[in-house]
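The values are calculated or read from the model by the stated rules, or taken from the named source; none is laboratory data. Bear in mind the structure is a predicted one, so any value in this text is a computation, not a measurement. Here the Cβ is made from the backbone with ideal geometry for all residues, glycine too, and neighbour counts use every protein chain on show.
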């Protein structure tokens, strides 16, 4: 994708993984690094307006407008304020943030410093899954370099306070990526999600205003401020702005991480960039945004991969993870595996979530192994109606979404599993 090389969020690091630009701050600043931060230092009062005009959205799953969170934190009274750069990334099929952290940590840190300038934040915490050891090491080394740089004291001067930079391991639990759970983890507690309100912008870490942004969101900021709003708009398609980093996996010839225009079609991602299906395989379905979302089928290949277009297909872009499955793959079996992941990941704080994911997993396993009955399928349907919204976080909702979507598109496979029971093992 040469036409996007110079505008890439990944800055050609994925194209040239041995480049010192990814690891060395001097090399980063000698190329295009630092220019966005210098622009922010020159006019910190205009940063949020530029982010709003660029229509940058949160790229960790929700697609929530970035400037709204920022403005809420900026509006809070002066004092300690926190930024959590959320790199907990633990969902199957999602691996974009670890690539950004490992291969180009300086653009992530620069983005966080821009956010600090815009909102008056003086505590920046990069909250990273401890299983991603390379990412942890890369960020620790990069932060040490920034603390010795000439730009760092300039940021502190404009903010009016010392801006602390810290790399902190997350709990390593899937639920620890939920924003209120991340706050609890940073405070040293078990990452139990909390009820809202109050929202983190008003009361987050130690009761202080807190901004939580995904790693990919932060990675965009240096380039946005360096090149301008019009440039950022020009990268997207169909009225969308910027790029999206997609994690492509499953039954494709070229799985990997692809940064492409926001709004590229599913067909282009799979067949132009992913090289198409494995030899002899035909597309059956795509789990979008990781397994906590819904399913697209071969009838949806024309969909634009942006938050709004995918939502119109009753699905979700989520993190941009696309898990491709081919004909011959049992949907019931795959969904049972994913729901088992959610059952294991439930923190147990909300009984409807803990028991609901457990029973969904048990019932799916029964049907997948040929031991299910009609009453089991009816129970799954009832649970999908009863459980959404019953937990403090979205874990139970994600588990229900993938089950409900699979029933919508592939109920015949559930029916077939009921008609063809397997011999019970005594």
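Assorted remarks:
- Per-region count, segment 301-320, residues touching a strand residue (DSSP E or B) at 6+ places or on another chain (Cβ under 8 Å), touching a residue at least 40 places away in the same chain (Cβ under 8 Å) and in a loop (DSSP other than H, G, I, E, B): 8
- For residue 206, the conditions (1) part of a helix (DSSP H, G or I); (2) within 23 Å of residue 52 (Cα to Cα) are fulfilled apart from (2).
- Among the residues of segment 257-266, the one identified as surrounded by fewer than 21 Cβ atoms within 10 Å (Cβ to Cβ) and at pLDDT 95 or above is 265.
Residues checked against (1) over 17 Å from residue 102 (Cβ atoms); (2) more than 24 Å from the chain's Cα centre (by Cα); (3) assigned by TED's automatic domain parsing to the domain that holds residue 204; (4) surrounded by fewer than 20 Cβ atoms within 10 Å (Cβ to Cβ):
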| residue | (1), (2), (3), (4) |
| --- | --- |
| 134 | no, no, yes, yes |
| 140 | no, no, yes, yes |
| 161 | yes, yes, yes, yes |
| 166 | yes, no, yes, yes |
| 171 | yes, no, yes, no |
| 181 | yes, no, yes, no |
| 186 | yes, no, yes, no |
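- Residue within segment 179-187 that is in a loop (DSSP other than H, G, I, E, B) and touching a residue at least 60 places away in the same chain (Cβ under 8 Å) present: no
- Inside segment 38-67, residues that are more than 18 Å from the chain's Cα centre (by Cα) and not in a loop (DSSP other than H, G, I, E, B) make up a count of 16.
- Residue within segment 226-249 that is crowded, with 16+ Cβ neighbours inside 10 Å, more than 29 Å from residue 53 (Cβ to Cβ), touching a residue at least 24 places away in the same chain (Cβ under 8 Å) and within 19 Å of the chain's Cα centre (by Cα) present: yes
- Criterion: outside the structural domain of residue 129 (by TED's automatic domain parsing) and in a helix (DSSP H, G or I) - qualifying residue of 272, 241: 272
- Matching residues in segment 75-95 - criterion: being surrounded by fewer than 21 Cβ atoms within 10 Å (Cβ to Cβ) and more than 16 Å from residue 127 (Cβ to Cβ): 75, 76, 77, 78, 79, 80, 92, 95
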